[in-house]
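Notes to accompany the following structure.
A short reminder: the numbers here are calculations on the coordinates, not readings from a lab. What you are looking at is a predicted structure, and each value in this text was computed from that prediction instead of being measured. Here the Cβ positions follow ideal geometry from the backbone for every residue, glycine too, while neighbour counts run over all protein chains shown.
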Amino acid sequence: MDIIVLLTQTLLSITLGGLLGWQRHHMGKSAGFRTFAIVTLASMLVTHLSLEVFSTDPARVAAHVLTGIGFIGAGIIFHKKDTIDGLTTAAGFWATAIIGMSIGSGWYTEAAIVTAAIFLLLIFPDKKLLK
């Protein structure tokens, strides 16, 4: 792997994942900048690894990343009385992993556009829109 590509992908992963994590932290959620940045960064690296090392079947690695993140996300969701808490953060984890996979595949523009779209969705609270 070219060191410039690795540095670019690393910085972009930390920036995009961190942005979404910052928003979650700003909303008072325990998973924040570091957690989201790590998910994005690790997903980026495993995707790049799967393309370079396991090139005969890279989709297999991608499928396992999404399954693993889904498992982590399930642990974030809590049922409290009449509400469910953590669902948006869990969805954010899953989306952040896909953003990292996009970066690892070289889809930088796509990853940035989707991150911006998710960020916009996160800054508009659901409850105020429904009233």
Diffing region 34-50: the Karplus 3J(HN,Hα) column from phi (6.51, -1.76, 1.60, θ = phi - 60°), in whole Hz with x for Gly and Pro, holds 4, 4, 5, 5, 5, 4, 5, 5, 5, 5, 4, 5, 5, 5, 4, 4, 5
Under 20 Å by backbone N from the virtual spin label 7 Å along Cα-to-Cβ at L51, the residues of region 95-124 are 95-116
Given unit charges at Cβ for Lys, Arg (+) and Asp, Glu (-), the dipole magnitude of the chain about its Cα centre in debye, nearest 20, is 680
Longest principal axis of the chain (C-alpha) makes with the long axis of helix 108-123 (C-alpha) an angle, in degrees to the nearest 10, of 10
Under the Karplus relation with 6.51, -1.76 and 1.60 and θ = phi - 60°, whole-Hz ³J(HN,Hα) for region 53-63, x at Gly and Pro, equal 9, 9, 5, 6, 8, x, 5, 5, 5, 4, 4
Phi-derived 3J(HN,Hα) across region 9-18 with the Karplus relation (6.51, -1.76, 1.60, θ = phi - 60°), rounded Hz, x for Gly and Pro, is 5, 5, 5, 5, 4, 5, 5, 5, x, x
